[in-house]
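Here the structure comes first, spelled out in structure tokens, and everything after it is commentary.
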Amino acid sequence: MTQEEKQLLLQDLCARLPYGVITKNCKKNSDVPAHLLPHVNGIKLLIAEYDLKPYLRPMSSMTEEEKKEFKAFHCVSEWHPEFYQAMCNLPNINNMINWLDKKMFDHRGLIPKGLALEATEGMYKNI
């Protein structure tokens, strides 16, 4: 795993800790609930030493109800009079990212990179 991949995984895990992400210690083949993960330096160690990977949901697994909820967070486009570019409202972007993290969606593309595992259906049923 490259340093850039380790950093991406660390950022992703830290954003999901408050929401109860479940990880897998691939070297010991055991699952580790988020509340048992130590502080950030400990997570760095676990990523490096134990091949720690979170279970995430692919974006394609979003239900119709979740799609409706997700659409509520889309940026409201405003046309800038000088540049004619769509500008996004930063609080909406932050809310959208937080919602995706809370629902354990792989919006950073970690599953295809081999940095995360696909969550089984119902793994995060209480979120």
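Some observations on this one:
- Restricted to the stretch 53-78, and to residues there that are at pLDDT 80 or above and of a type in the set (A, V, I, L, M), the residue that is nearest to Leu10 (Cα to Cα) is Leu56.
- Counting only residues that are at positive phi, surrounded by fewer than 18 Cβ atoms within 10 Å (Cβ to Cβ) and modelled with pLDDT of 60 or more, the stretch 79-118 holds 2 of them.
- Restricting His35, His39 to those that are closer than 17 Å to Cys14 by Cβ, surrounded by fewer than 10 Cβ atoms within 10 Å (Cβ to Cβ), more than 17 Å from the chain's Cα centre (by Cα) and at pLDDT below 70 reduces the list to His39.
The values are calculated or read from the model by the stated rules, or taken from the named source; none is laboratory data. Note that this is a predicted model, so its numbers are computed, not measured. As a convention, Cβ positions derive from the backbone with ideal geometry for all residues, glycine included, and neighbour counts pool all protein chains shown.
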